[in-house]
1. If I filter segment A:93-120 down to residues being free of Cβ contacts under 8 Å to residues at least 12 places away in the same chain and open to solvent by 40 Å² or more (accessible area, probe 1.4 Å), which single residue comes out as nearest to the other protein chains (Cβ to nearest Cβ)?
2. Of the conditions (1) open to solvent by less than 40 Å² (accessible area, probe 1.4 Å); (2) away from chain B (no Cβ under 13 Å), A:Asp161 clears all except one; give me its number.
3. Answer yes or no: is there a residue in segment A:134-149 that is outside any helix (DSSP H, G or I) and open to solvent by 20 Å² or more (accessible area, probe 1.4 Å).
4. Residues in segment A:23-45 that are open to solvent by 60 Å² or more (accessible area, probe 1.4 Å) and either within 14 Å of chain B (Cβ to nearest Cβ) or at pLDDT below 95 (or both): how many?
5. Does A:Ala129 fit the bill of being more than 14 Å from every other protein chain (Cβ to nearest Cβ) and either among the small types (Gly, Ala, Ser) or under 19 Å from the mean Cα position of the chain (by Cα) (or both)?
6. Any residue at all in segment B:46-57 that's modelled with pLDDT of 85 or more, more than 14 Å from every other protein chain (Cβ to nearest Cβ) and either under 30 Å from A:Met166 (Cα atoms) or open to solvent by less than 100 Å² (accessible area, probe 1.4 Å) (or both)?
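The values are calculated or read from the model by the stated rules, or taken from the named source; none is laboratory data. Remember, it's a predicted structure, so these values are computed and weren't measured experimentally. With ideal geometry, Cβ positions are generated from the backbone for all residues, glycine too; neighbour counts draw on all protein chains shown. The area values use the complete protein model at the heavy-atom level, side chains included, leaving out ligands, DNA and RNA. Shrake-Rupley method; radii C 1.70, N 1.55, O 1.52, S 1.80 Å.
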Amino acid sequence: MNFPGAGTPGANPGFNPNDPNVKWLTNAMESCYAKTAMSGVAGFGLGGLFGMFMASMAYDTPYHTAGATNTPVSSLPWKQQLKVGFKDMGSRSWSTAKNFGMVGALFSGIECGIEGLRAKNDMGNGVAAGCLTGAILARNGGPQAAAVGCAGFAAFSAAIDAWMRMPKEED
Amino acid sequence: MSLFGFGARQPTSAEKIASVENELKVIAEMHTRMVKICSLKCIDKTYREGELSKGEAVCLDRCSAKFFEAHSKISDQLQQQTAAQGGGGFGGM
């Protein structure tokens, strides 16, 4: 796939940008599917880290353990405490990882689709994608919850987009 | 581009040379115009980054496809008109 040295002289050896395979790969990486997948994976990773962090802060109640029936955690032997703690951390971080991954994939996929349809690159794509994502995430709560989710996520997305599109200050 | 005729295998007449040069000029001008018009329409002027975003790439695809199609339809019409009027020769596009 790579032809070292066969491109423009002085280019990175092994990466000829006119190679049709390289062009195909670059195009594929910019397609909506690849963007969705990458956002999903990134969201999954971030959600896992976030869940692990949050799990370490949830030991304020003695009965808040999975699997321990009525014994508070602090009364179990040391090894058992660790095992319960790690299991809880794992399950919590897995669930937040799944949630964040789904949110990331949904938002990224919808935004890429809307941008591809409109053929424009402005803030409306992010706002519309945020509204749809929020509505889909809150669909189980009924139409009002979906509307609130739409408005909230759209506002969040608009704020982040506005911040990212601020012109850089020239020195 | 390629050399025309001097010392080549086939002898080419001056008219053929002129028509091919003309066609090349037409194509080059069409290309220049297309690039100018489509980048005016499709590319955002704030230039926040150096790569084309997805919306801009889709817009450029559609713009160039429409430009080609419009150009070829109009050329066909023009050819029909000039053929109907009895003009012709090598004025093809």
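1. First pass over segment A:93-120, keeping only residues free of Cβ contacts under 8 Å to residues at least 12 places away in the same chain: A:115, A:117-120.
Adding the requirement that they be open to solvent by 40 Å² or more (accessible area, probe 1.4 Å) leaves A:117-118, A:120.
Numbers: A:Leu117: 8, A:Arg118: 6, A:Lys120: 5 Å.
If we take residues in segment A:93-120 being free of Cβ contacts under 8 Å to residues at least 12 places away in the same chain and open to solvent by 40 Å² or more (accessible area, probe 1.4 Å), then A:Lys120 is nearest to the other protein chains (Cβ to nearest Cβ).
2. (2)
3. Yes, segment A:134-149 has at least one match.
4. 10
5. No; evaluated as a whole, the condition is false for this residue.
6. Checked against the condition, which is being modelled with pLDDT of 85 or more, more than 14 Å from every other protein chain (Cβ to nearest Cβ) and either under 30 Å from A:Met166 (Cα atoms) or open to solvent by less than 100 Å² (accessible area, probe 1.4 Å) (or both), segment B:46-57 yields no hits at all.
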